[in-house]
Amino acid sequence: MSLAHVILGLLQQQERTGYDLKTECFDECIAHLWPADQAQIYRTLDKLEKQGCITCTIEIQHDRPNRKIYRITETGTAELTQWLQTHQPSPVLREPLLAQLYFAAQIPNEAMVHLLEQELEIRRKKLAECEAIDAPTLDDPSASREQKLHRLVLELVMQREQTYLNWLSNTIELLHSPL
């Protein structure tokens, strides 16, 4: 998956400024799926505009800087549709903490427990952030198809975090006794 496709998907939902993409989408809506910083977003917007996938109009503002409003084009919609129908390869996962644990036989259990407890706290916060996302439940008859798809994705992210939390808790408990 690429940042460009995520941005095209967001612009298909509605036209937005780069600032809106960062604050309303990447920070609040999909941070649990695909983080992006402001520089990455603007570089990708420039690339998509050069490729003809999006257009940009400038909204003149007298009391603030002018706004660049981006919208998806037919070319962008075709690219997004093609991507949505193409199987994506499984991501390459790099888990530094698991690599540390794999090679940690020479350090005391207390040192590894400390690292695991730090990760436990980070994962708890991420799960809490996901749980705080206001999305209708799957059985809500008033939920749109798009909202239900968002909920399905959110459910998997929360299950993944809960599984990681369970594993961390079990591992910490095991490390408190001699291995």
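The values are calculated or read from the model by the stated rules, or taken from the named source; none is laboratory data. Values in this document were obtained by computation on a predicted structure and should not be read as measured data. Virtual Cβ from ideal backbone geometry, glycine too; neighbours counted across all protein chains shown.
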Q) Which one is farthest from ASN66 (Cα to Cα), of the residues in region 20-38 that are touching a Lys or Arg at 6+ places or on another chain (Cβ under 8 Å) and in a helix (DSSP H, G or I)? A) CYS25
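The rows are residues; the columns are (1) at pLDDT 90 or above; (2) touching a strand residue (DSSP E or B) at 6+ places or on another chain (Cβ under 7 Å); (3) under 17 Å from VAL153 (Cβ atoms).
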site: TYR42; (1), (2), (3): yes, no, no
site: THR55; (1), (2), (3): yes, yes, no
site: ARG64; (1), (2), (3): no, no, no
site: ILE72; (1), (2), (3): yes, yes, no
site: GLN82; (1), (2), (3): yes, no, no
site: LEU93; (1), (2), (3): no, no, no
site: ALA99; (1), (2), (3): yes, no, no
Q | Criterion: under 21 Å from the mean Cα position of the chain (by Cα) and either of a type in the set (A, V, I, L, M) or not in a helix (DSSP H, G or I) (or both) - qualifying residue of ILE69, ILE41, ILE58 | A | ILE41
Q: Run down ALA128, ALA135 and say which single residue is of a type in the set (Gly, Ala, Ser), assigned by TED's automatic domain parsing to the domain that holds ASN170, surrounded by 10 or more Cβ atoms within 10 Å (Cβ to Cβ) and not in a helix (DSSP H, G or I).
A: ALA135
**Q.** Failed condition for GLU117, given (1) in contact (Cβ under 8 Å) with a residue 12 or more places away in the chain; (2) within 15 Å of LEU33 (Cα to Cα)
**A.** (2)
Q) How many residues are exposed (fewer than 10 other Cβ atoms within 10 Å of the Cβ) and either outside any helix (DSSP H, G or I) or hydrophobic (A, V, I, L, M, F, W, C) (or both) if we restrict to region 96-106? A) 2
Q.
Can you tell me which condition TYR164 does not meet? The list is (1) under 30 Å from GLY52 (Cα atoms); (2) assigned to a helix (DSSP H, G or I); (3) among the hydroxyl-bearing types (Ser, Thr, Tyr), and all the others hold.
A. (1)
Q) For region 22-40, how many residues meet the condition of being in contact with a strand residue (DSSP E or B) (Cβ under 8 Å, 6 or more places away or on another chain) and not acidic (Asp, Glu)? A) 1
Q. Scanning for something in contact (Cβ under 8 Å) with a residue 60 or more places away in the chain and among the aliphatic types (A, V, I, L, M), does region 26-33 turn up at least one residue?
A. yes
Q: Give region 153-167 a look and list any residue that's farther than 21 Å from GLU24 by Cβ, surrounded by fewer than 16 Cβ atoms within 10 Å (Cβ to Cβ) and aliphatic (A, V, I, L, M), or say none.
A: LEU156
